[in-house]
1. Give the residue that is surrounded by the fewest Cβ atoms within 10 Å (Cβ to Cβ), with candidates limited to residues of the stretch 263-274 that are in a loop (DSSP other than H, G, I, E, B) and not hydroxyl-bearing (S, T, Y).
2. What's the number of the condition G213 fails, among (1) open to solvent by 50 Å² or more (accessible area, probe 1.4 Å); (2) within 26 Å of F186 (Cβ to Cβ); (3) at pLDDT 95 or above; (4) not acidic (D, E)?
3. With the requirement that a residue be in contact with a helix residue (DSSP H, G or I) (Cβ under 9 Å, 6 or more places away or on another chain) and surrounded by fewer than 13 Cβ atoms within 10 Å (Cβ to Cβ), what does the stretch 275-285 give you?
4. Look at the stretch 68-97 and say how many of its residues are over 16 Å from A108 (Cβ atoms), open to solvent by less than 60 Å² (accessible area, probe 1.4 Å) and small (G, A, S).
5. Determine whether D321 is open to solvent by 40 Å² or more (accessible area, probe 1.4 Å), among the acidic types (D, E) and either part of a helix (DSSP H, G or I) or within 24 Å of Y350 (Cα to Cα) (or both).
6. Only one of S219, S223, S245 is assigned to a loop (DSSP other than H, G, I, E, B), of a type in the set (G, A, S) and open to solvent by 30 Å² or more (accessible area, probe 1.4 Å). Can you tell me which?
7. Could you look through the stretch 149-167, keep only residues that are free of Cβ contacts under 8 Å to residues at least 60 places away in the same chain and open to solvent by less than 40 Å² (accessible area, probe 1.4 Å), and pick out the one that is farthest from L314 (Cα to Cα)?
8. Name the pairs whose Cβ atoms lie under 8 Å apart, with the first residue in the stretch 248-269 and touching a residue at least 12 places away in the same chain (Cβ under 8 Å) and closer than 15 Å to I320 by Cα, the second open to solvent by 50 Å² or more (accessible area, probe 1.4 Å) and among the small types (G, A, S), and 6 or more positions between them or separate chains?
Amino acid sequence: MTRRLGSSHRPTSTYRTSASSRRRGHRRGWGIGRVALILLLILLLALTAGGVYLYNTPAGRGAEETTYLLIAPGSGYSQLEKQIQSKIWLRFPALFRYYAQWRGLTTAPLRSGRYAIPRGATMPELVDILQRGKQTPLTITPTALRTEAEIIDFLSSHLWLRADSLRALMHSPRMQQRYGVDAEAFRAEVLRQPLTVYWDTSAEALLDSIHRGYLSFWSGARSTQAAALGLSPLQVTTLASIVESESAKSDEYRRIAGLYLNRLRQGIRLQSDPTVKFALGDFSLRRIRGEHLTVTSPYNTYQVVGLPPAPIVLPRTSTIDSVLSAEQHDYIYMCAREDFSGYHSFASDYATHLANARRYQQELNRRGIN
C-alpha cells in the first residue's frame, strides 16, 4: 500500500490556521466596531453638549436689560441680521445664521413690528420671538408741542410713519368726516398723556387711537364741567393752552383761568401775549411790542374777540382740569410781577393794572430785555 506523505497532517493544520485567522479577524472587527461606537458616542455627547449650550447660553453680549428690534414692513433678513449684530452683539454670528436658516427665519417673510429681546435670550428664544410675531407695543407721551408740524414730527420720529403720509391723512376730507373736526382742531385731541400703540401702526390706526383717548378723557364729569362753563372740550383745551403759556406756576392756573373766563363772558379781548407769539410763529420773543400786536391772525387775541380756533400748545391734562375748576373772582387784568418770580399781579380795574404794568416795564428796561 502506498502511503501518502503528509496527508494525515495537512487538513488539520489548514483547519487550525483558518480558525485562528477567523478569531483574529473577529477580534479586529470587534475592535474596529468598538472604536466606531466610542466615536459615535463621543459625537452624540458633543452634539448633546452643543445643544445644551445652544439652549442655555445667551445669544449676545448686549448689556441692556431689554433690547428692541425694529422690523419695518418689507425688510429682509440681511437688514435684520445687521440690526441684531449691532444691538445684541452676537457671540457666534455664523452659528446664528446657520441656526436661523435651519429654523426658516432667513427665507420666510419677516413680521414687521417692535420686538423686545430680554437680556440673556438664547438663540432659540430669539428666533422664537421673531417668528411668533408677537411684538411689544410702544408707549409715547407727547410733550409741549405747539404746531401741527411739531406734532407730526414727534409722532413720525417715534413710529414707523412717514410725516408726509400722516399730514396728508390729517388734511383729507375722509379724516374730517371720520372725526368731525378739521386738522387744526384735531390738535386738541392730542393729549399729553401716555399713548400706547404698535410701532408699525398705520396712520389711520394711530389717529383712531388718539381719538379714542380723547373721547375717553372727555367722557363723564369733564364734559359736564365744560358745559357748565359754557365751553366745548375744544375751547377748554384752547383756554388751557393759553393759561399754561402765560405762567410756569401751576398754582396760579385756576386764577388765570378765572380771569380769562371773566373776559370771555364780558366780551373783552383776551389780549394774551403767547397768542401773539403763536400768530407770528416766533416763539423766541421775550418781549411783545406794539408792532407785534398788529399781526393779522385768528390767533392774535389782541385783534379778535374770543378764543383762538385751536390750542397754541398741547396743555397738560392737569391744566385742563384747572380750567374746569377755575377760581371765581372779578379779576380781568394780569401782569408779570416785576420781581421776575414767575408769578403775576392781578387787578380788577384798569388803573391798578397800569401801575402793575409800569413797574414791570421799568424792570424790563433796567435789565435790558428787548
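The values are calculated or read from the model by the stated rules, or taken from the named source; none is laboratory data. Nothing here was measured: the structure is a model prediction, and the numbers come from that model. Note: ideal-geometry Cβ built from the backbone for every residue, glycine included; neighbour counts use all protein chains shown. Just so you know, the surface numbers come from the protein's heavy atoms only, side chains and all, with ligands and any DNA or RNA stripped out. Shrake-Rupley method; radii C 1.70, N 1.55, O 1.52, S 1.80 Å.
1. Quick first cut of the stretch 263-274, residues in a loop (DSSP other than H, G, I, E, B) only: 267-272.
Still in the running and not hydroxyl-bearing (S, T, Y): 267-271.
Numbers: G267: 8, I268: 13, R269: 14, L270: 18, Q271: 16.
By that ranking, first place goes to G267.
2. Of everything listed in (1) open to solvent by 50 Å² or more (accessible area, probe 1.4 Å); (2) within 26 Å of F186 (Cβ to Cβ); (3) at pLDDT 95 or above; (4) not acidic (D, E), G213 misses just condition (1).
3. Initial filter on the stretch 275-285 (in contact with a helix residue (DSSP H, G or I) (Cβ under 9 Å, 6 or more places away or on another chain)): 275-280, 282-285.
The answer is D282, S284.
4. 2
5. Yes, satisfied.
6. Working: S223 fails: assigned to a loop (DSSP other than H, G, I, E, B); S245 fails: assigned to a loop (DSSP other than H, G, I, E, B).
Unique residue meeting the criteria: S219.
7. Quick first cut of the stretch 149-167, residues free of Cβ contacts under 8 Å to residues at least 60 places away in the same chain only: 149-150, 152-159, 161-167.
Restricting the remaining residues to those that are open to solvent by less than 40 Å² (accessible area, probe 1.4 Å) gives 152, 154-156, 159, 161, 163, 166.
On the way: I152: 13, F154: 12, L155: 14, S156: 17, L159: 20, L161: 21, A163: 19, L166: 18 Å.
Filtering the stretch 149-167 for residues that are free of Cβ contacts under 8 Å to residues at least 60 places away in the same chain and open to solvent by less than 40 Å² (accessible area, probe 1.4 Å), the one farthest from L314 (Cα to Cα) comes out as L161.
8. S250/S318
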